[in-house]
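What follows is calculated from the coordinates using simple rules that are stated; it is not laboratory data. Because the structure is predicted, anything quoted here is derived from the model rather than measured. Methodologically, a virtual Cβ is constructed for each residue, glycine included, from the backbone with ideal geometry; neighbour enumeration extends over all protein chains shown.
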Amino acid sequence: MHLGNSIEQILNNRKPLPHKINDQWTINLDEFFDVDALDDMYSDLVKGIVKSKQYWEPVVIGSKYALYYNETPEVTVYQNSILKDSGIAERLVEEGFSNDDVYEFIKFAYPTLGLGKKLLLRTYKDYVSKFNAKHLSSENFDTDAYKYFPKLKEFIDNSGAFSEIGRIMFFLTERRTCTEIHCDYADLNTRKDQFITILPRKIKKLFVLNENFEKQYTTGVINTFDNGTWHGSDIVDTSTFSIRIDGLFSQQFLKKTGLYEHFN
């Protein structure tokens, strides 16, 4: 979720964001992937998540305007705005707190909103400020956690969906929590980002909001949509996860899925 260019121009962020792909709110891509192979590796994915626990980190945003409900600020937004000149974070670091420790302190000490945890398998430097590099293979690198997911790596490499593979990440969702409704860009515009979202066993109920602010749910295990829309997920009854893969779609994939004209 990225800081937009002109926050002052946003007078009311809760406006319809009518960004579609081929006149659809979400695109089901299951027929173009080996969904059965994904289901077969479910246990291996969970094992990888558990083995990578030391690499879990908070989901953060660049601006409060990226949240649909922004009355309560996200932790890092609170830290970088309200607490910016307080010296609190700096004093905690002097006491031996890590950046993650500072995040947890602020989350519990102040009226803030935590957005859950993520696990990055591929990522880029300067996570918030360089958000526009998330799709480029040259700007992203494998993290130490990626070694725990050999079957997922093989699945992605063999899918033929991408000519470039950028960021790969898990969103980890605890029981009775949801993904807050947000837009990936605080200026509320589309960049036509190319990515897929994988919802193993479709436990997480992901949606985008249409022009009437009604939920339009994804229907596949593997989906894409315009992340310039408001999107989120319903509260879940069990802990689960989703996977997002950013990159550049291959020409063959674009043509066989009917996405070529939209992205070109």
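Which of rounded, prolate or oblate describes the stretch 142-264 when judged by the alpha-carbon gyration tensor and an a/c cut-off of 1.5? Oblate shape, in that a/c is at least 1.5 and b/c is the bigger or equal ratio.
Based on a Kirkwood Rh over C-alpha pairs, give the Stokes-Einstein translational diffusion coefficient of the chain at 4 °C and viscosity 1.567 mPa s in µm²/s. This corresponds to a translational diffusion coefficient of 67 µm²/s.
Taking each DSSP H run with n ≥ 4 as -39500 (n - 2.57) and averaging over every residue of the chain yields -6000 deg cm²/dmol at 222 nm.
Note on Leu115, Leu29: ascending count of other Cβ atoms within 10 Å places them as Leu115, Leu29, the fewest first. Largest GNM mean-square fluctuation among Asn99, Asn70, Asn210, using the chain with Cα springs under 10 Å: Asn99.
What range in the chain is the longest one free of GluC sites (Glu not before Pro) that are in a loop by DSSP and have at most 15 other Cβ atoms within 10 angstrom? The reported range is 96-173. Loop-resident chymotrypsin sites (Phe, Trp or Tyr not before Pro) (DSSP state other than H, G, I, E or B) in the stretch 160-264 with no more than 14 further Cβ atoms inside 10 Å of their Cβ: Phe213.
Cα gyration tensor of the stretch 137-192, axes a ≥ b ≥ c as square roots of the eigenvalues: rounded (a/c below 1.5), prolate (a/b > b/c) or oblate? Here the stretch 137-192 falls in the oblate category. Using C-alpha pairs under 8 Å with a sequence gap of at least 6, the mean separation divided by the residue count of the chain gives a relative contact order of 29 percent.
Stokes-Einstein, applied to the Kirkwood radius of the stretch 1-146 over Cα pairs at a viscosity of 0.890 mPa s and 25 °C, places its translational diffusion at 133 µm² s⁻¹. Net charge around Phe263, counting only other residues with Cβ within less than 12 Å of its Cβ (Lys, Arg = +1; Asp, Glu = -1)? The answer is 0. Just the ratio, please: alpha-carbon radius of gyration of the stretch 52-110 over 2.2 N^0.38 Å, N its number of residues. Scaled against compact globular proteins, the figure is 1.18.
Please build a GNM for the chain, connecting alpha carbons under 10 Å apart, and tell me which residue among Ala133, Ala161, Ala89 fluctuates the most. For the chain, modelled as a Gaussian network with Cα springs under 10 Å, the answer is Ala89.
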